[in-house]
Each structure stands twice: as C-alpha cells, then as structure tokens.
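What follows is one structure encoded as structure tokens, with my remarks underneath.
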Amino acid sequence: MGSAALGRLFSVAPVSALAAAPTQKAVVVTFGGGARDAETFAPDGQENIPHMLRELIPQATFFTQVVNHGILGHYVATASLATGVYESFNNFASVAPQNPTVFEYLRKDRRRPANDTWVVAPSNGFNRIGESGHRSYGAGFGARVILPKHLLAAAMTGKAGAEYEHLLRDNYETPLFDPSPTGSTGQVELHQTAELLRLSVDDFSAHAKSLSSPDELSVYIARQLMLQISPSLLWITLHDIDIAHSGAFSLYLEGIRRSDRLCVEIWNTIQSNPEYKGRTTMYILPDFGRDSDEDASGNGFQHHRTGDALSRTTWMMVLGPGVRQNVVVDRPVDSLDLVPTLGARLGFNARMAQGKALTEVL
C-alpha cells in the first residue's frame, strides 16, 4: 500500500503516561463511503488530505493496514466496527446489530447514564445502530442516536426548503427503505433534541443554510453535543465520500478533502474544550475502501462490491493522551480490533467482541 511509505516520514516519540480509565473520553470518526489509498495516502493522493498528513498524523499512531473481512455495506460495516463482531444482516434492513455495541459495554460496565454515549450518523438505517438486540444488553444500555438530516427535514416541515436539498439526500446508493420520521414523531424528536442541545429550531435551520454538505451538518451537531453534554464516547459517521456512487470522480475527491478538513476541525474542538482536552483519544478510520480500477467485476472508485484488497484494506489513526506520536504501524490489523481497544482505554470489558486490543496504543 502507498500508506506504508509513510513509515519513512515519521520518527518514534516516547509514550506519555495514560490517565486513569474513568477520566478518559473517546471520539470515533468513521468515513462511510471509504476512500482508496490511491486518493489519500499514496504519493499522488496526498494533496487531498493535507490536514491529516501535516497536522494529525504527526501527533498520531497510524495503522497502514486495517482489514475489513465482513460485508462491505456502510450500515452493516459500521455496525461491525461498533460491536467488534462482523454483523451479517441486510445492509438496508431496519434492524439493530445482533451483538452488543461498544456503547452498551461502556454504559453497563461503568454504570453510565444514557447521555454519556452518542452517535451522530447519516440517515439510512443508522437509527438502529446505538442499541443491539442482544438480550443481556440491548434495551436501556444503548447510545442515543442523532440523525441530523432527520432533524433538518422536520425543521423544514411546511416550509419552502429548496436551499436545503443538498443536505437532505438520504443515501447515495439505492435504498430499500427510508427511515425518515414523519408528522408528529419528527417534530417531537426535533424539539427534544433542540432543547437538549440548547439550540433553537430557527437557529439550527439558519445555520444549516450556510453549510455545503450533510457531513458539515453532522459535525455542527457533534460540536453542540460536546459543548452541552460532554459524553464519554461520541461516534461520528461522515458520509459525503459515498457520493462516489454518482460516478463523478471530482465529487468523490471533494468528499475526501472535506472529510480531511472536518477531522482536523473535530480534533481542534477537542483541544479547545476543557471537558475533552488532555483526556480524549480520537480514532479516525474508513469503514472500508473502494474497488480497484483494474478489477473487471467492479466499477473502480464508484463502488465497493468486489471484495478485492483495495475495497477491504484501509487505515486508522489514533491520537490523544498516552498515544505515541509519529509512529507508523505496518502490520495488518483487523477492523474488529477497534472495540477491544476502546475497552482497554475506557475501562470496560468488550467480552463478546472478536477483535484484539491494539497494544501499540495502550
């Protein structure tokens, strides 16, 4: 992989002392609509990720080979990242993960309240990701989930909203269901969330009008969560990159560049917030890659259906207190390793997860 060449760019820094687990927080950022190495960390792609390359990786431990062996659909793959088990349900089905999620492990083991774990996610299907169907966890132990597109759709009820259409597209693939709330349900969700985040509906709508993409809307909501609630675990799924399904390479690159900028904005928000600074680990990783241009059974950057090396192999960077800086790890690791690693750092037992904690960041 081109990303492996990064190992020659950085030197090893000493490990700093890790704070006690109960004081630790984590922010996980995943890229739904993963990007290929060719458009990111390979030499010809590095111009698309200037913030990650120059500002984040020098502070991080960077894993160059994170392999996803599961189903390459965005909801099911993200659910697998969140459970540490390869989930096997229909990617477009409105179902909960079968295995306990990282949110349930944290809340049950550390006896944390509902507001301590949150997910900010794109619309299609992700409304079920916060809480599994496992009978020993499930109901009462999950994360609270915010779908910013749903909130905006509810805010636009009865109003002319042409200027918001670019923020409301539910999915870049053909969905088999649309979970958007309607009528009174959407309005209740909107007003409850606005009250919780101390944000008026009018202010939310006005700010949304100034944004260029759904991911910017998601990061705006995530910042409000960090400011008003300060959860111990915040999971943000960015999805703009998946516009690659439209076939426009320029829009795919634009999604990568926007994700690059938003990641450093999230990190800077962590550093400027007293509740997060000095005790928050940030994890950034795509859910998977995209197809090779040379594979006859795929459509190159447009899709992720062949299961070839480019579609399954991505990367992850980890940065925060106790994480070695300027370190590149070239050994292959599994995408399921995320949940056990979070458990080791946040002080819970991911007992049913199938991955292994990554010792390089412990």
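The values are calculated or read from the model by the stated rules, or taken from the named source; none is laboratory data. Since the structure is predicted, the reported quantities are computational estimates derived from the model, not experimental observations. So basically every Cβ, Gly included, is an ideal-geometry build from the backbone, and we count neighbours across all protein chains shown. What goes into the accessible areas is simple: the full protein's heavy atoms, side chains included, and nothing from ligands, DNA or RNA. Shrake-Rupley method; radii C 1.70, N 1.55, O 1.52, S 1.80 Å.
Mind ordering 37-47, 229-239 by average Cβ neighbours within 10 Å, highest first?
Top to bottom by mean Cβ count within 10 Å: 229-239, 37-47.
Output wanted: per-residue J couplings in Hz (rounded whole) for segment 242-248, from phi through Karplus 6.51 cos²θ - 1.76 cosθ + 1.60, θ = phi - 60°, x for Gly and Pro.
Ordered by residue, 3J(HN,Hα) equals 5, 5, 3, 4, 6, x, 9 Hz.
Tell me which residues come under 5 Å, amide H to amide H, from Val28 once H is placed; ignore anything under 5 positions away on its chain.
Counting only residues 5 or more places away or on other chains, the set is Leu234, Trp235, Ile236, Tyr283.
Springs between alpha-carbon atoms under 10 Å, Gaussian network over the chain: tell me which of Ala121, Ala154, Ala248 tops the mean-square fluctuations.
Largest GNM mean-square fluctuation: Ala248.
Per residue of segment 352-362, in order, report the coupling 6.51 cos²θ - 1.76 cosθ + 1.60 (Karplus, θ = phi - 60°) as ³J(HN,Hα) in whole Hz, putting x for Gly and Pro.
9, 5, 9, x, 10, 4, 7, 5, 5, 10, 9
Hey, can you grab everything whose amide H is under 5 Å from the amide H of Gly355? Only 5+ residues off in sequence or another chain; H modelled, so Pro and N-termini drop out.
Placed amide hydrogens put nothing under 5 Å from Gly355.
Which helices pass in the chain if a helix is a full DSSP H run, must span at least 24 angstrom along its long axis by Cα, and must have mean Kyte-Doolittle hydropathy not below -0.5? All intermediate terms of the calculation are to be shown ahead of the outcome.
Values: long enough: 249-272 (35 Å, -0.10).
Helices meeting the criterion: 249-272.
With a 1.4 Å probe and every protein chain kept in, tell me what percent of the accessible surface of segment 217-317 is carbon plus sulfur.
Of the solvent-accessible surface of segment 217-317, carbon and sulfur hold 48 percent.
What does the net charge come to around Gly307 if you take all other residues with beta carbon closer than 15 Å to its beta carbon, with K and R at +1 and D and E at -1?
Here the count lands on -1.
Rounded to whole Hz and in sequence order, give me ³J(HN,Hα) for segment 325-334 from the Karplus expression 6.51 cos²θ - 1.76 cosθ + 1.60, θ = phi - 60°, writing x for Gly and Pro.
Per residue, the Karplus-derived 3J(HN,Hα) values read 9, 6, 10, 10, 10, 9, 5, x, 10, 9 Hz.
From the residues Val333, Gly320, Gly300, which one has its Cα farthest along the dipole of segment 254-341 in the positive direction, the dipole being from +1 and -1 charges on Cβ of Lys/Arg and Asp/Glu about the Cα centre?
Gly320
Along its three principal axes, how long is segment 265-362 when you only count alpha carbons? Whole Å, largest extent first please.
50, 33, 22
Only bridges with both residues in the chain count here: give the DSSP antiparallel percent, nearest 5.
Expressed as a percentage, antiparallel bridges in the chain total about 25.
In Å², what does the accessible area per residue of segment 277-351 work out to with a 1.4 Å probe?
On the way: 2470 Å² over 75 residues.
Here the residues of segment 277-351 average 33 Å² of exposed surface.
Which stretch or stretches of segment 28-66 have amide N atoms under 19 Å from the point lying 7 Å from Ala309's Cα along the Cα→Cβ direction?
Inside the label zone: 35-45, 63-66.
Any chance you could run the full-extension gain for Arg110 through Lys277? It's 0.36 nm times the residue separation minus the Cα-Cα distance, nm to one decimal.
Working: separation 167, 0.36 × 167 = 60.12 nm, distance 2.13 nm.
Extra length available between Arg110 and Lys277 comes to 58.0 nm.
Would you list, by chain and number, the lysines whose Cα falls below 21 Å from the Cα of Lys356, excluding same-chain residues fewer than 8 positions away?
Within the straight-line cut-off, Lys356 pairs with Lys25, Lys108.
Could you order the peptides 85-94, 266-275 from most to least packed, using the average number of other C-beta atoms within 10 Å per residue?
Ranking the peptides 85-94, 266-275 by packing returns 85-94, 266-275.
Would you compute, from DSSP H runs of 4+ residues alone, the mean residue ellipticity of the chain at 222 nm, taking -39500 (n - 2.57) per run and dividing by the full residue count, rounded to the nearest 500?
After summing the helix terms and dividing by residue count, I get -9000 deg cm²/dmol.
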